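Notes follow the structure.
The values are calculated or read from the model by the stated rules, or taken from the named source; none is laboratory data. Because the structure is a prediction, the values reported are computed rather than measured. With ideal geometry, Cβ positions are generated from the backbone for all residues, glycine too; neighbour counts draw on all protein chains shown.
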Amino acid sequence: AHGSENLSSYTSSSSEIIAAASRLFDRIINPALLIRRAYLTACSVLPEDTIPDRIIQRDLFDNPEETEIMEKENEEAEKRERRFQETALSIKRKFGKNSILRGLDYEEGATARERNNQIGGHKA
């Protein structure tokens, strides 16, 4: 099965990217079948300093105050997530890739810890 999912704007937010990937997965994957392999490709990727300014088309019936409050909340959430990502990356650079892992990475059959110790898919 094939499909695509567009993001509303350029983003480096992992939560937005994961949400889009989840929507795509739910839409195209048949739950009755086993999945051998899935590919995810990002198109129109730009360096952060070359991203054009965001142009927002207002709706005639939108409440401007409410929209402004929501935009500020979204900006704060993006800044908070950005700080978290930068902190996680600095910890991983300092202490290694296995210094921060999700709980699922400790379950039986999880491969993240092993893969982090490999070089090009081979044992280090």
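G120 satisfies every condition listed in (1) loosely packed, with under 10 Cβ neighbours inside 10 Å; (2) within 21 Å of the chain's Cα centre (by Cα) except (2).
Got a sec? Which of R82, R93, R102 is closer than 20 Å to S12 by Cβ and in contact (Cβ under 8 Å) with a residue 60 or more places away in the chain? Walk me through how you get there before you give the answer.
Numbers: R93 fails: in contact (Cβ under 8 Å) with a residue 60 or more places away in the chain; R102 fails: in contact (Cβ under 8 Å) with a residue 60 or more places away in the chain.
Of the residues listed, the single one that is closer than 20 Å to S12 by Cβ and in contact (Cβ under 8 Å) with a residue 60 or more places away in the chain is R82.
Taking segment 81-100 as the range and being touching a helix residue (DSSP H, G or I) at 6+ places or on another chain (Cβ under 6 Å) and not in a helix (DSSP H, G or I) as the test, only I100 passes.
With respect to the conditions (1) within 25 Å of E16 (Cβ to Cβ); (2) among the small types (G, A, S); (3) at pLDDT below 90, A77 lacks only one, and its number is (3).
Could you tell me which residue of segment 21-38 is nearest to the chain's Cα centre (by Cα), considering only residues that are among the charged types (D, E, K, R) and assigned to a loop (DSSP other than H, G, I, E, B)?
First, the residues of segment 21-38 that are among the charged types (D, E, K, R): 23, 26-27, 36-37.
Then drop every residue that is not assigned to a loop (DSSP other than H, G, I, E, B), which leaves 36-37.
Details: R36: 22, R37: 19 Å.
Step by step, filter segment 21-38, then rank; the result is R37.
Look at (1) surrounded by 10 or more Cβ atoms within 10 Å (Cβ to Cβ); (2) under 15 Å from the mean Cα position of the chain (by Cα); (3) assigned to a loop (DSSP other than H, G, I, E, B) and you find that I18 fails only one, number (3). Here A77 meets each of (1) of a type outside the set (K, R); (2) under 27 Å from S99 (Cα atoms); (3) assigned to a loop (DSSP other than H, G, I, E, B) with one exception, condition (3). The residue list I51, I55 contains one member that is among the hydrophobic types (A, V, I, L, M, F, W, C), at pLDDT below 90, surrounded by fewer than 10 Cβ atoms within 10 Å (Cβ to Cβ) and under 23 Å from K79 (Cβ atoms), which is I55.
A Cβ distance below 8 Å, combined with a sequence gap of six or more or placement on separate chains, defines the contacts here; from segment 51-78, residues that are among the charged types (D, E, K, R) reach residues that are loosely packed, with under 10 Cβ neighbours inside 10 Å and assigned to a helix (DSSP H, G or I) in the pairs R58/P64.
Regarding T41, is this residue surrounded by 10 or more Cβ atoms within 10 Å (Cβ to Cβ), part of a loop (DSSP other than H, G, I, E, B) and β-branched (V, I, T)? Talk me through it step by step, then tell me what you get.
Values: surrounded by 10 or more Cβ atoms within 10 Å (Cβ to Cβ): no; part of a loop (DSSP other than H, G, I, E, B): yes; β-branched (V, I, T): yes.
The answer is no for T41.
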